[in-house]
Amino acid sequence: MHKKAELFFTAAKLPLDYIALVLAGILAYKIRFQDFIRDIRPVVFDLTMTEIINYAMIVGFFGLIFFTIAGLYSFRHLKITDELAKIFLATAGIMSGLIIYMFFIREQFDSRFIILTSWIISFILVTIFRLLIRELAKTLSRFGVGLHRVVIVGENDNTAEIINAINNQPGLGLKIVKIYNSVSSEMLAEIKTSHAKKFIDEIIQTDSSISRSDSINLINFAEEHNIIFKYAAGPFEARTTNIEVHMLAGVPIVEIKKTPLDGWGKISKRILDFILSFVLIILFSPIMIIIWLAIRLTSRGPAIFKNERVSRRGPFNVYKFRSMKAEYCVGRQFEKYTDQEKIIAFEQQLIAKQSKRQGPVYKILNDPRRTKVGQLLEKTSLDELPQLFNVLIGNMSLVGPRPHQPREVAKYARHHKRVLDIKPGITGLAQISGRSDLDFEDEVKLDTYYIENWSPKLDFWIMLKTPFVILTRKHKN
């Protein structure tokens, strides 16, 4: 039943997407002919409803091609943010195609309003239909319809975390039917019997320490019985996903690369950082001016705080709006306001009593050093807007691991230093996954994953999700 349900839900997306694209064109046409729109800009083209329906049906057909290329009909379970990003890119691709068509063939009509409105409406309608499908699938999964039946093999910390995630996240569409600590002939025979009675979809090996011979037996068994096999990568497997092969004296030499962010990837990321930071600085300049005035008028001291951080190239200054009273700020620019040794000692007391994070990095709850303006800035993350200038000049990126202070970096364990391999960023995978509520070890794991699996798509997904995380997060001062 689960296989049929999976096929049904995937197939249902195709006609619903087509309906959404056609409706978007029709609704955009109807909106264009509303009186309040015509008063602003008179209609200068002659196009009937019948013609717009015909055009919308043709565009909808080609739109499905864009959706297919974007991977919106994959049988792989997508996170909602991934799906939204793909919908956005696909609908934007359709709009771009129409604009190019209008540029070369102008005898039909010239209405940028209809095209832009169609894009917005199509994104909304497709998203609504996809959410309805998700809700239907989720509802049916409570009755066991559409769930992937999973066997877990392993006995370690990863195993416990994976089991907990599957049990607590019904949206994953997984149901654990059996858990085994190790591989044995008896265990394989038991799975075979269960598989014959009620189909098993996946075997997940969660323990990378299981012997190679046992893992091979498990893989062969899964292949023989048409069961999907997955495994949790250990430290070695995780590091060998990004490799490059060179020949030396006729012998293939494998280089384990630190990150795919190299060569043209590095160049394209820097170009995108420069363009986007320049545009965002212009867009946010009115807000930044207001914040600068608010800080200057309500407390003494500079509005911009130069916070010393560490990157792969050494210490540098991260620009932030000052959220603390000047007499409590650490750094050379505040030496004239206070005794630095005393405020560092006071900060250490606050860290010992009120820090909610463990490890080298601290986060002080209910920090008494903040100004009223600073509390608002910190809650909304507006204090980080000046970091756009860091991105513009090139010592930070829009997306990357968050940089830490020299005294924090000095306490790094060896594996923590992995996060220094690439340029630090304003936002990152760790920030959209939990922000300051995340344990430092978990932050390092997520940043390491980003470093080893970087792609333009991943950067786009992180940037797209960041505003939603800021707006919806439950924040503690």
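Would you pick out the residues in segment 329-349 that are part of a helix (DSSP H, G or I) and under 20 Å from Phe316 (Cα atoms)?
Pass one, segment 329-349, residues part of a helix (DSSP H, G or I): 332-334, 340-349.
Listed by number, the residues that qualify are Arg332, Gln333, Phe334, Gln340, Ile344.
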Determine which member of the set Thr298, Thr371 is farther than 19 Å from Lys411 by Cα, surrounded by fewer than 18 Cβ atoms within 10 Å (Cβ to Cβ) and at pLDDT 85 or above.
Thr298
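Residue by residue, here is whether (1) assigned by TED's automatic domain parsing to the domain that holds Leu392; (2) touching a Leu at 6+ places or on another chain (Cβ under 6 Å); (3) crowded, with 16+ Cβ neighbours inside 10 Å; (4) in a strand (DSSP E or B) holds:
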site: Lys258; (1), (2), (3), (4): no, no, no, no
site: Ile275; (1), (2), (3), (4): yes, no, no, no
site: Val279; (1), (2), (3), (4): yes, no, no, no
site: Phe284; (1), (2), (3), (4): yes, yes, no, no
site: Met288; (1), (2), (3), (4): yes, yes, yes, no
site: Lys306; (1), (2), (3), (4): yes, no, yes, yes
site: Pro315; (1), (2), (3), (4): yes, no, no, yes
Among the residues listed as Gly374, Gly301, the single one being in a loop (DSSP other than H, G, I, E, B) and of a type in the set (Gly, Ala, Ser)
Gly301
Hits in segment 31-43 - residues which are assigned to a helix (DSSP H, G or I) and surrounded by fewer than 13 Cβ atoms within 10 Å (Cβ to Cβ)
Asp35, Phe36, Arg38, Asp39, Ile40
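Could you list, in sequence order, all residues of segment 307-344 that are among the β-branched types (Val, Ile, Thr) and in contact with a Pro (Cβ under 8 Å, 6 or more places away or on another chain)?
Filtering segment 307-344 down to residues among the β-branched types (Val, Ile, Thr) leaves 310, 318, 330, 338, 343-344.
Val310, Val318, listed by residue number.
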Just the residues that are over 23 Å from the mean Cα position of the chain (by Cα), in contact (Cβ under 8 Å) with a residue 24 or more places away in the chain and surrounded by fewer than 17 Cβ atoms within 10 Å (Cβ to Cβ), please, taken from segment 390-409.
Pro406
Residues located in segment 275-328, provided they are in contact (Cβ under 8 Å) with a residue 40 or more places away in the chain, among the charged types (D, E, K, R) and in contact with a helix residue (DSSP H, G or I) (Cβ under 7 Å, 6 or more places away or on another chain):
Glu308, Arg312, Lys320, Arg322
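Restrict the check to segment 379-386 and report whether at least one residue is closer than 15 Å to Ser311 by Cα and either surrounded by fewer than 21 Cβ atoms within 10 Å (Cβ to Cβ) or at pLDDT 90 or above (or both). Give the derivation first.
First, pick out the residues of segment 379-386 that are closer than 15 Å to Ser311 by Cα: none.
For segment 379-386, residues closer than 15 Å to Ser311 by Cα and either surrounded by fewer than 21 Cβ atoms within 10 Å (Cβ to Cβ) or at pLDDT 90 or above (or both): absent.
The values are calculated or read from the model by the stated rules, or taken from the named source; none is laboratory data. Just so you know, these numbers come straight off a predicted model, no measurement behind them. Don't worry about glycine lacking a Cβ; one is built from the backbone with ideal geometry, like all the others, and counts go over all protein chains shown.
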